[in-house]
1. Between residues in the range 44-56 that are free of Cβ contacts under 8 Å to residues at least 60 places away in the same chain and residues that are of a type in the set (K, R) and assigned to a helix (DSSP H, G or I), which pairs lie under 7 Å by C-beta distance while being six or more apart or on different chains?
2. If Q47 satisfies every condition in (1) part of a helix (DSSP H, G or I); (2) open to solvent by 10 Å² or more (accessible area, probe 1.4 Å); (3) polar (S, T, N, Q) but one, which is the exception?
3. In this structure, does E70 turn out to be buried (at least 18 other Cβ atoms within 10 Å of the Cβ), within 19 Å of C21 (Cβ to Cβ) and touching a residue at least 60 places away in the same chain (Cβ under 8 Å)?
4. Give the range 259-272 a look and list any residue that's open to solvent by 20 Å² or more (accessible area, probe 1.4 Å) and touching a residue at least 12 places away in the same chain (Cβ under 8 Å), or say none.
5. Give me the residue from the range 401-422 that is surrounded by 19 or more Cβ atoms within 10 Å (Cβ to Cβ) and of a type in the set (D, E) and, out of that set, nearest to I177 (Cα to Cα).
6. Name every residue in the range 256-277 that is modelled with pLDDT of 95 or more and in contact with a Leu (Cβ under 9 Å, 6 or more places away or on another chain), in order of residue number.
7. I'd like to know if the range 103-121 contains one or more residues that are at pLDDT below 70, surrounded by 14 or more Cβ atoms within 10 Å (Cβ to Cβ) and either under 24 Å from the mean Cα position of the chain (by Cα) or charged (D, E, K, R) (or both).
8. Do you know which of the residues in the range 348-378 that are outside any helix (DSSP H, G or I) and at negative phi is most open to solvent (accessible area, probe 1.4 Å)?
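The values are calculated or read from the model by the stated rules, or taken from the named source; none is laboratory data. Since the model is a prediction, treat every value here as computed from it, not as a measurement. Counting neighbours? That spans all protein chains shown, and the Cβs are built from the backbone with ideal geometry, glycine included. Note: areas computed on protein heavy atoms with side chains; ligands, DNA, RNA excluded. Shrake-Rupley method; radii C 1.70, N 1.55, O 1.52, S 1.80 Å.
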Amino acid sequence: MLNIDEITNACVKCGKCIPTCTIHEINRDESTSPRGFLDLISAYKNQELELDRDLKTIFESCFLCTNCVEACPSHLRIDSAIEKTRYDIAQKFGIAWYKKLAFFFLRHRQVLNILARLGYVFQSCAFSTKNNNQGMKAKLNLPLIKKGRLLPSLSKKSFLSSNPDFINNQGEKSIGIFIGCLSNYSYTSTGFALLEICKHLKINVDLLKEQSCCGAPHYFTGDFKSVEHLAKKNIVYFEEKLKTLDYIIIPEATCSAMINIDYEHFFHMQGDQEWAIRAKNISHKILLATKYLYEHTNLEQLLKTKNKVNINISYHDPCHAKKMQGVYQEPRNLLKQNYHFKELIASNECCGFGGVSMQTDHYEKALKVGMKKAHNIQKTDVQIISAECSACRMQISNALEHEKVSTKFSHPLELIAKILQD
């Protein structure tokens, strides 16, 4: 079980985390710094402070980017301490109705499938789809929607519904794909790009059509009941599928980190060692897509035989890819084979997505961080920015649109698939 006292007592207040903290960068107050969070959590746990709405606001302002964990000499899991505290917040104050509604749909895939189809038909009623970046702009303000912000548009048909259960590419290897909710319903081009790559590599694909949401939105908001339900369901499903599949690959950094790392942390936090062990046992067979393609296939060699294109691109490191999973060279090495690659200014800085609460209750803070990322992209002077994460895609695309930066976003798998098709 997570011992918050061990984390808070181990912090020596060296301050190395502070310059890296995403929220402290835009809100320079000690309370919104990693060591400030730990001091406040300790005071709350020791009943020196009441968990009131002011503390709630502070704890919900963390982007959970894990910059502090990376910078900390002891690599203290400050993010886990905040996630556990957010559970306490949810228990005391409840979860806002609009978040509950979103979490209900994410937990019940069949209902979400129906909603997505209806949403595609009627999305033009509430949104404008004419903009420079992929997506749609809200015409009005609602709790989950901010007027004028860019959101991913819904596809006519989900990725999973558009493909058979199993695709036989006459290969010796078979993999499963965990697609993620955003790529399933909105950024479906990511999934189709991955299928195109697998076709060229002659890798058979199981679409894992009984997969459930990874539970990351619920986890970061304190809805632990839903996390437990979704995590156990996915673990049982993956255990069975991995009896016949070589790997399960995920083209989404957040989903991959949730399943590979946070499932185990979650069950340790709950004191459930059996499920923590089961989560750990499958994690070595579940990889972020570019890591699998770079390390376990001949994709790099295949790309070397293809034409180079005169397009300047750069890569943003998703927090859940580089800092949590150590994946950053793999997408770069693949993209550099055919594109003119320019390293992004401060590529490791958080884009500012931050989860459901940040996007709804603290949208202005999220936008402020996103604007900084957009300015760095503009200074880097590239035509395309890429990242292996749909949450980053949503956040960065909105920031680029807001700042009127002409750079477009494209998933690395889409860029690779385009080379293979040409």
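1. Final answer for the pair search is L51/K92.
2. If we test Q47 against (1) part of a helix (DSSP H, G or I); (2) open to solvent by 10 Å² or more (accessible area, probe 1.4 Å); (3) polar (S, T, N, Q), just (1) comes out false.
3. no
4. N260, I261, E264, H265, H268, Q270, G271
5. This residue is E414.
6. S256, A257, N260 - these are the residues of the range 256-277 that are modelled with pLDDT of 95 or more and in contact with a Leu (Cβ under 9 Å, 6 or more places away or on another chain).
7. yes
8. E349
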